[in-house]
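The values are calculated or read from the model by the stated rules, or taken from the named source; none is laboratory data. Since this is a predicted model, take the numbers as computed values, not measurements. Glycine also receives a Cβ, built like all others from the backbone with ideal geometry; neighbour counts cover every protein chain displayed.
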Amino acid sequence: MKPLQIYTQALLISAAQFAIAVEIYQADFSDTSVFMPGGADPYVELAVDGFSSADMSLTNSGTVTDARWSNDTTNKGFAEAVNSNATALVAAGGAYSSSIDFLFGLTANGNGPVIQSGLFDGAIASSDGLAMTLVRGDSDPNVYRLRLQTNWGNTYPTIDGAPSSFNQSIPFNESLLGLNYNSGGTQDLLSDQLRLTTTLTAGADTSSWDATGVLTNLSTNTQLATYTVNNVSFNAPAGSSLFGGFGTGQSGAHIGVTNREISGFTFNEESPLTPATWTDLKNELTLVKNQLASKMTEAQGVGISTGYARVSQVVLDRFTVYAQYDYDNPNQLEQAVDDLWWNAIVPDNYHLTLPFKEMRDSIEIGNRAIQDLQDQLDGVITRKAPVDFNQGGVTQGAKHWMQGGKPVFPSGFNWMPDDPDTIEAFGPQGGWYYPLSELRSDGTLPSWSINGDVSSIQSARAKNQVPLVSFFGSQLASWMKEQHPEVEDGRRNFIRWDIDHPQLRSWVQQFYSQSFPQVIPAAGDTPRVHLLANEPHLSMREGGWKVEYGVSEYTKDNYQAWLEDKYGGDIAALNATHGTSHADFGEARDAFPFLTDNPDPTKWGVPLSLQGSALWYDVMRFNMDRTNDWFSFNKQAVNANDPGAPVTIKLLGGSLRDNYRDGGIDIEYLANLQDVLGSDFTAMPGNFQERSGEVLEWKDRYTMEWRIQTMGLDFFKSIAPDKPFFDSEWHGFDSKGKSFDIPPEYVRAALWLGYTHGYSMTQAWVWGRENDGDFSDVNSEFVGEVLTQPKALDAYGRTMKELNAHAEDVARLVPAERKFWIYYVNDSAIQDTTYMADVEAVYESLKMLNLPLGFTTPTEIAGLTGDHTIIVPRTPFISDEKLAALEAFAGEVLLVDPSLSFGKDEHGFGRASTDLDPLASIDLGEVFTMADDFADALAPLVETPPLTISIADLDQQPAYGVLMNYAIDPDTGEMTFSLVNVSKDSRQVTINLPEGVESILDLITGQPAAAELVLAPYDVHLLQASIAGSLGDFNRDGVVDAADYTVWRDNLNGTDESAIAFAGVIDGVINQADLDVWRSNYGSDTSSASQSQLDSTAVPEPNAIAAAATALALLNLIRPAKGTRRR
């Protein structure tokens, strides 16, 4: 049992906002005694129910300066603390809040206060205070309420006519707190992690205040209760000092509540929203901007790059305008909030507080940028200069865009203005838009259309915008709809026409033949990409996206042709498969199962009851094939008029993990069709809120939602590893919900994960303002978006600078050789709505092991060799051919839930057995438990790596949650690796260096890195170490001699080059080339040989690092004792 401790931590906040955090670590709830070390002034004294009290020592003395406590048998466990260093001066309109994070135990029925969070004016002994208290019910002990009380005692005011003994919020059941006491059976007597926040807002004369209490279950991310009392009398005059405080409640009044564990306490002051405060903030921002400009000049004078600081400078200039617009237009902003159906998650008084927050955040950005430059001037850090896109010369390479033979990562925002400052700060990506609606009825394009596109291209080239992305819009001209009104039958969102309509293809060909010969020459040699479609989705299922537009007769005609082709014109074969009795294929066409008899058109579609049947499979497979054909036609039409030009498609980011495959998207086919892979993936920070209020299960494990983006990239880069990836609508800021305070650390972590997994270019969503700050004519929600959050915008620009500065290393980190493959079967994805959830769980578990992990399919598996391993998730539906491909695989196979796999073919017909002989089988279960099981099962396949990394929590217990990518330079033997902590908790990473490796370099700071690192959530590291022995010294003994020849001979033809210390030629095999290196260096004394340079820029070919990747396959493979749980 560890002793109770309290420590305080002062947080560095801007002058207008500050906080104090207090954490108490509680002993085991079952203990009956506790050791409490003696303390020294200043101190907090605490008693816990049933325990004796003693002074609590502080690790940061001088913060908590006043407290009192009670320790008698009738008033057990009452602790209070006020922090008098965190002082707020009361002002009219000021908002002040005090929060306490806690949990508590329950042993018997009782009543009274559980815990309180409040604010106080003056010293604690004589203070006037208001506190919100969580109270256990008097008459019904399994019901809890919030109550407002004065001072620290049990004096309950009569407010708004409520009874003095029952001034409380709406009641809520104990189960919402994570307790299960009175329901019988198995009891849970320990609450979830909870947060109680008290907010006081001063009125005009500071004598009348509004008080609000909010209770949140942090474990379930659920707001349990809100209690507001208006016009409370509170003696805190303007100019007096206000403190935050907490108390554990009067235990004598509720003997059933024990052992409150306080894990965090914060006190925050928001400056009053007054014109005077606004003027002060504007003046402070002006001062900071001037100081930043001066510091940039100083840095430039000694040759330090100011590329990162330039991003911050542009952000400050932008938000000087934006914040002023929001301050001047609160009614417009309030209306924008009111217009949202999900405005319940928008912070209170958002329209009033936003400009003040934008100002404070901008001041913080400026100060951080100044400090960063000062650190570089002082030699504390050395930042590598970012890429200068203004130099031009960007070309498209095989996997990335290139400048001077080196990879670069263009970026930008949707609808971003193209002024030079914004381009410099956020990226050079440019382009033009051309909708089909510009085509005239005579098959020509108007001159204004051609001239407009040419002008856009010329302007972009003049500003070195690259690559140029052309976007083909799916709007139809009015004459098209008049001549062929049926062309809109079967349309869907973003695909506003019937892709099966024969006239449509003629129009598209006419458009390209008219536009491209006149427009494309203006692009010259500037790289370009043609975006064929935005988020295509052609849903067929009942209740699917925009099914109210039905299906066209042309679609049914094509369905008939598809059936005839599949069944070889044999109607009997069709009937046998579908269980029908159609006389011919025309009758099967007419029976197309897209039902439209529901009075609600949004519920039309192929009945969900058919899923799992042959008919369902054929309709969904047909839908994919017609979509594949449509995009193949579009690519051909583009290349007929712009030969060799790459095409891309912005696939919905959820296409892979979607529970249904009814949208016509064949992910594997489209990955192979595109020249530049495309999608719009999502990432989310830990404080993200779903619009619907849905509880996000990943928050129990992670500080961010990383899986959507990372799994999508791993899938696409497995299928098409040598193609660039363009995320043309990156939803790292905005998705199906909001974070109103996006952590800049999250933005950096999300982008680093994206680029180390295969991004080549990102265009973020969305630039939702005009240059003057107006957002009224921009087609976005605006509320909570990135242009209301300067810190997030700054983080995007600075992170892209950082990624480009290290682009060679980052590009090398994208896995070039994968050894472990998840077997993806489209048959199961079509027929089983739970299949992809299982696939994602398997992927997530394997990803925790930091394997060189990818996806394979029945068409890709033939390219894998026997030294690869396939992991098969539960696969209930699989065709005979696809199962045979798996059975023929020469490597090892690991099955998940094999008893639930392979039982049916793609049409749903049963199968007796399979000839698979797996290496092992595991059960589908909790993610970290599966990770343990995978680690055990795959351990025999792992060769000894030259460098290992151990991950633990801060209690030194093995842990998961740090994602790593790595690569070895074949010329130098240097290993570069990135670490990103996605866990919700801090992680300690220990790098176990092999013999002869003495140092690690932090490439981002340019400073030596320790072998033991503590990574906070969202932390990113890019490290480099030489793992190779000196050339020819295969046994690392400092001399190249005959003993090294023996090592070479004993490992000849092996593929684990760690066996010869990576001291030969790193080419994937121990062979004659390594012996030649030994001969060339024979007799050398290598004991004092210098380490290889750590700034190598060579990017190895995939086959050059194959063996190294194999040896490093499980750098994070940790197998603790069974039952050890890692979070």
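Kindly indicate whether any position in the range 532-546 is in contact (Cβ under 8 Å) with a residue 24 or more places away in the chain and in a helix (DSSP H, G or I). Taking every residue of the range 532-546 in turn, none turns out to be in contact (Cβ under 8 Å) with a residue 24 or more places away in the chain and in a helix (DSSP H, G or I).
Among the conditions (1) touching a helix residue (DSSP H, G or I) at 6+ places or on another chain (Cβ under 9 Å); (2) under 19 Å from Gly605 (Cα atoms), the only one that Tyr512 does not satisfy is (2).
Checking the range 1008-1016 against the condition returns a match, with at least one residue being among the aliphatic types (A, V, I, L, M), in contact with a Ser or Thr (Cβ under 7 Å, 6 or more places away or on another chain) and without any contact (Cβ under 8 Å) to a residue 24 or more places away in the chain. Across the range 788-807, the number of residues qualifying as buried (at least 23 other Cβ atoms within 10 Å of the Cβ), of a type in the set (A, V, I, L, M, F, W, C) and closer than 28 Å to Pro970 by Cβ comes to 2.
Trp479 - would you say it is assigned by TED's automatic domain parsing to the domain that holds Pro536, surrounded by fewer than 17 Cβ atoms within 10 Å (Cβ to Cβ) and aromatic (Phe, Trp, Tyr)? Walk me through it before giving the result.
Values: assigned by TED's automatic domain parsing to the domain that holds Pro536: yes; surrounded by fewer than 17 Cβ atoms within 10 Å (Cβ to Cβ): yes; aromatic (Phe, Trp, Tyr): yes.
Here the answer is yes, as Trp479 does meet what is asked.
Considering Ile499, Ile520, the condition of being in the same structural domain as Leu673 (by TED's automatic domain parsing), in contact with an Asp or Glu (Cβ under 8 Å, 6 or more places away or on another chain) and buried (at least 17 other Cβ atoms within 10 Å of the Cβ) is satisfied by Ile520 alone.
Output yes when any residue across the range 933-956 is out of contact with any strand residue (DSSP E or B) (no Cβ under 6 Å at 6 or more places or on another chain) and of a type in the set (Gly, Ala, Ser), and no when none is. Taking every residue of the range 933-956 in turn, at least one turns out to be out of contact with any strand residue (DSSP E or B) (no Cβ under 6 Å at 6 or more places or on another chain) and of a type in the set (Gly, Ala, Ser).
Out of curiosity, is Val321 outside the structural domain of Ala425 (by TED's automatic domain parsing), under 30 Å from Leu194 (Cα atoms) and either touching a helix residue (DSSP H, G or I) at 6+ places or on another chain (Cβ under 7 Å) or at pLDDT 95 or above (or both)? So that I can check it myself, show each step before the final result.
Details: outside the structural domain of Ala425 (by TED's automatic domain parsing): yes; under 30 Å from Leu194 (Cα atoms): no; either touching a helix residue (DSSP H, G or I) at 6+ places or on another chain (Cβ under 7 Å) or at pLDDT 95 or above (or both): yes.
Spelling it out, it is not the case that Val321 is outside the structural domain of Ala425 (by TED's automatic domain parsing), under 30 Å from Leu194 (Cα atoms) and either touching a helix residue (DSSP H, G or I) at 6+ places or on another chain (Cβ under 7 Å) or at pLDDT 95 or above (or both).
Checking each residue in the range 614-659 for being small (Gly, Ala, Ser), out of contact with any strand residue (DSSP E or B) (no Cβ under 8 Å at 6 or more places or on another chain) and buried (at least 19 other Cβ atoms within 10 Å of the Cβ) picks out Ala614, Ala637.
Got at least one residue in the range 590-604 being within 23 Å of Asp629 (Cβ to Cβ), touching a Pro at 6+ places or on another chain (Cβ under 8 Å) and not hydrophobic (A, V, I, L, M, F, W, C)? Walk me through how you get there before you give the answer.
Initial filter on the range 590-604 (within 23 Å of Asp629 (Cβ to Cβ)): 590-594.
Now narrow it down to the ones that are touching a Pro at 6+ places or on another chain (Cβ under 8 Å): 593.
Next, from what is left, pick out any that are not hydrophobic (A, V, I, L, M, F, W, C): 593.
Checking the range 590-604: at least one residue is within 23 Å of Asp629 (Cβ to Cβ), touching a Pro at 6+ places or on another chain (Cβ under 8 Å) and not hydrophobic (A, V, I, L, M, F, W, C).
The numbered conditions (1) surrounded by fewer than 22 Cβ atoms within 10 Å (Cβ to Cβ); (2) out of contact with any Pro (no Cβ under 8 Å at 6 or more places or on another chain) are all true for Leu670 except (1). Residues of the range 748-763 that are over 22 Å from Phe471 (Cα atoms) and among the polar types (S, T, N, Q): Thr756 alone. Reported count of residues in the range 827-865, each being in a loop (DSSP other than H, G, I, E, B), over 29 Å from Ser978 (Cα atoms) and touching a strand residue (DSSP E or B) at 6+ places or on another chain (Cβ under 9 Å), is 2. Within the range 551-571, not a single residue is within 21 Å of Ile830 (Cα to Cα), in the same structural domain as Pro485 (by TED's automatic domain parsing) and free of Cβ contacts under 8 Å to residues at least 40 places away in the same chain.
If you check Pro428, Pro407, which single one turns out to be assigned to a strand (DSSP E or B) and either more than 24 Å from Leu793 (Cβ to Cβ) or in contact with a Lys or Arg (Cβ under 8 Å, 6 or more places away or on another chain) (or both)? Can you show your working first?
Numbers: Pro428 fails: assigned to a strand (DSSP E or B).
Result of the check over Pro428, Pro407: Pro407.
Residues in the range 906-923: is at least one in contact with a strand residue (DSSP E or B) (Cβ under 6 Å, 6 or more places away or on another chain), part of a helix (DSSP H, G or I), over 23 Å from Ile665 (Cα atoms) and free of Cβ contacts under 8 Å to residues at least 60 places away in the same chain? Scanning the range 906-923 turns up no residue that is in contact with a strand residue (DSSP E or B) (Cβ under 6 Å, 6 or more places away or on another chain), part of a helix (DSSP H, G or I), over 23 Å from Ile665 (Cα atoms) and free of Cβ contacts under 8 Å to residues at least 60 places away in the same chain.
Pick out the one residue from Val810, Val825, Val814 that is touching a helix residue (DSSP H, G or I) at 6+ places or on another chain (Cβ under 7 Å), at pLDDT 95 or above, crowded, with 24+ Cβ neighbours inside 10 Å and under 25 Å from His400 (Cβ atoms). Please lay out each step first, then the result.
Values: Val825 fails: under 25 Å from His400 (Cβ atoms); Val814 fails: crowded, with 24+ Cβ neighbours inside 10 Å.
When all the criteria are applied, what remains is Val810.
Selection of first residues in the range 695-711 that are basic (Lys, Arg) and of second residues that are in a helix (DSSP H, G or I), restricted to Cβ pairs under 7 Å at least 6 apart or on distinct chains, gives the following pairs, ordered by first then second residue: Arg701/Val927; Arg707/Glu840; Arg707/Glu844.
Tally time: how many residues in the range 328-367 are among the basic types (Lys, Arg) and at pLDDT 95 or above? Outline the logic, then answer.
Restricting attention to the range 328-367, the residues satisfying the condition of being among the basic types (Lys, Arg) are 357, 360.
Those left that are additionally at pLDDT 95 or above: none.
Residues meeting the conditions: 0.
Take the residues of the range 764-789 that are over 17 Å from the mean Cα position of the chain (by Cα) and among the hydrophobic types (A, V, I, L, M, F, W, C): which is modelled with the lowest pLDDT? Among residues in the range 764-789 that are over 17 Å from the mean Cα position of the chain (by Cα) and among the hydrophobic types (A, V, I, L, M, F, W, C), the one modelled with the lowest pLDDT is Val778.
A residue that is in contact with a Pro (Cβ under 7 Å, 6 or more places away or on another chain), more than 10 Å from Gly490 (Cβ to Cβ) and crowded, with 19+ Cβ neighbours inside 10 Å occurs nowhere in the range 553-560.
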